[in-house]
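Accompanying notes for the structure given below.
The values are calculated or read from the model by the stated rules, or taken from the named source; none is laboratory data. Fair warning: this is a prediction, and the values are worked out from it, not measured in the lab. Reconstructed Cβ throughout: ideal geometry from the backbone, glycine too, with neighbour counts over all protein chains shown. Protein only, heavy atoms only, side chains kept; ligands, DNA and RNA dropped before computing areas. Shrake-Rupley method; radii C 1.70, N 1.55, O 1.52, S 1.80 Å.
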Amino acid sequence: MSIIEIRGLSAGYGRKTVLSNLNLVITKPSFVSVIGPNGAGKTTLLRVLAGLLRPRGGLVKILGVDVSKKFPSSIKVRLGYVPQRDSINYAVPVTVFDVIVSGLIDVCPAPRTVTKREVRQRACRVASALGIDDLLDSYFHELSGGLQQRVLLARALIKDPDILLLDEPLSNLDEATQQEVLKLLRHLVDKHLKTVIMVTHDLDVALEWSDLVVLISRGGARTFKPGVHEDVERLLESYPEEERKIIPSRRPYCG
Amino acid sequence: MLGEVLLLSLFIALTSGFTTSYAAFSRSEFLIVTVAHSALAGLSVLYYISYIFGFQVSSMHEWLMLVLLTTVVCLAVGRIREHGEKELISAVIFALTLSIAALFMALLPGNLIARMWNFLTGSILLVTHLDLLIVSVISLVTCSLYTFFYREFLLISYDYEYALSTGIPARLLNYILSMLISLITIVCVYTVGLFVTYSILMIPGTLLSRARLRTNSMIVLSSAIVLLSLLTSVLLSSYVPVPPSGLCGIIVCVLSLVPYLARIIRT
């Protein structure tokens, strides 16, 4: 059974088609980076996988279940989704604890089946893993961008999902924090057999940390294995010239 | 009489505490104004029809018209919200219904205009047993729903995108939340008047949400402010010859400003 299987996917908004005939298969727990130029459809792909956008055509299977027509709750509870931070309404005075435990809302919906103590323990555990356990009583909107990003990651992780869908989780993080988050994600894949699908603009990060890089371009997807020299060469050739120029390259990959 | 006023104030305070907080959280202040004006338009049309066809408008007619209008407005706003145009559609309905209200009120005879004026300034002292019964049922139902779906409503208010990605019926809950806010708005318009509705449903939530209070403390404090304002204004108006609605608006604003200013001074 594939973890993710996408065949001939087309998706879009209104009259605009963003993804067309996209194919992608992930067969084992992996760290997958989704890269591509602005507006290529990276977030659209993630929204389809998160059940936020219904495909117009094609087949989408998650953990062996066809979610193209109807996205069952049994699959949603196995996904951890971290949207971009601009979707958040900062007018609501919620604490870090409130945000983290909201990740359990579909695991233990009303009537409540998990005790408060258990919820607190789980929140503390995941917050501790992300180094934010001393911030549980702080207000979310008063944190820095980097800390907010960690809180959102903790919210996604608290329900122990099989698949993590992350939409630019490294934005607003300094390099040290980026490395910490990437190490944690890598750990989740290697030790806990999770699948991480991360949208990023950073080609260097994608090449350094991923098992698979998915380049979304002109509505379709091409996959590359970062460890394979020929694949890296092909990826760099495929990546649009104008986008490549703005990527701060830390390491030379070829030549 | 005093017991009924006290009971009504208690129900309104309880529900408006939740409503003002959730309206501020979900940025639905415009929905309150829109529903309030739609209620006014609906009532003016109802009274015009009764004037033309020569029948007496009862409390039940008024309540039915209000609930019908609320449902329509709320569904329209909720549907449009999905497309991110909540403010736009609210503004259009707001302008349209206010114009309709002004138009039909101008066509009414003097005695019916006086009745319509009651909906603007409020008449908590004129509450009937039927009104009290309807208000108590609506209040108990809405408070139960607000409490039961507290976490869900909070989540859809601060991160709707994430709520949609979870297994909870976020779209349905969003409609329910809008419906509850709208229902309480018409309850307030009917019992305490349009002017007081604005102050008790918009001011405490908007100001307290900026005062670094926890969400549940905010709901409790909002309810306390509304209760105190309603009772004080009724009490004061029996000594001073001024309408309780005006007093209530002033007291709500002053009491809500205290935590907000305290926060500004502290920081």
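So the values come out like this:
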{"read-out": "Any hit, the range B:159-174, residues being touching a residue at least 60 places away in the same chain (Cβ under 8 Å), under 19 Å from residue B:21 (Cβ atoms) and surrounded by 24 or more Cβ atoms within 10 Å (Cβ to Cβ)", "value": "no"}
{"read-out": "Any hit, the range B:221-229, residues being modelled with pLDDT of 90 or more, within 14 Å of chain A (Cβ to nearest Cβ), surrounded by fewer than 24 Cβ atoms within 10 Å (Cβ to Cβ) and farther than 19 Å from residue B:72 by Cβ", "value": "yes"}
{"read-out": "Residue count, the range B:16-31 (criterion: part of a helix (DSSP H, G or I) and closer than 17 Å to residue B:154 by Cβ)", "value": "9"}
{"read-out": "Residue B:168 closer than 30 Å to residue A:165 by Cα, part of a helix (DSSP H, G or I), among the β-branched types (Val, Ile, Thr) and modelled with pLDDT of 85 or more", "value": "no"}
{"read-out": "The one condition in (1) within 14 Å of chain B (Cβ to nearest Cβ); (2) crowded, with 22+ Cβ neighbours inside 10 Å; (3) of a type outside the set (Ser, Thr, Tyr) that residue A:150 fails to fulfil", "value": "(1)"}
{"read-out": "Enumeration of residues in the range B:20-61 that are within 17 Å of residue B:102 (Cβ to Cβ) and of a type in the set (S, T, N, Q)", "value": "B:34, B:38, B:44"}
{"read-out": "Set B:210, B:151: member being assigned to a helix (DSSP H, G or I) and within 14 Å of another protein chain (Cβ to nearest Cβ)", "value": "B:151"}
{"read-out": "Residue in the range A:45-53 that is open to solvent by 10 Å² or more (accessible area, probe 1.4 Å) and more than 14 Å from every other protein chain (Cβ to nearest Cβ) present", "value": "no"}
{"read-out": "Residue satisfying all of: in the range B:1-23; open to solvent by 10 Å² or more (accessible area, probe 1.4 Å) and in contact (Cβ under 8 Å) with a residue 40 or more places away in the chain; farthest from residue B:130 (Cα to Cα) among these", "value": "B:18"}
{"read-out": "Helices (runs of 4 or more DSSP H) contained in the range A:153-255 and holding at least 1 residues at pLDDT 80 or above, farther than 20 Å from residue A:40 by Cβ and open to solvent by 10 Å² or more (accessible area, probe 1.4 Å)", "value": "A:175-190, A:203-209"}
{"read-out": "Scan of the range B:25-42 for residues that are within 14 Å of chain A (Cβ to nearest Cβ) and open to solvent by 10 Å² or more (accessible area, probe 1.4 Å), ordered by number", "value": "B:27, B:29, B:30"}
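Condition check ((1) within 22 Å of residue A:188 (Cα to Cα); (2) more than 10 Å from chain B (Cβ to nearest Cβ); (3) open to solvent by 10 Å² or more (accessible area, probe 1.4 Å)) across all residues:
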residue: A:60; (1), (2), (3): no, yes, no
residue: A:65; (1), (2), (3): no, yes, yes
residue: A:73; (1), (2), (3): no, no, yes
residue: A:80; (1), (2), (3): yes, no, no
residue: A:88; (1), (2), (3): no, no, yes
residue: A:92; (1), (2), (3): no, no, no
residue: A:103; (1), (2), (3): yes, no, no
residue: A:131; (1), (2), (3): yes, yes, yes
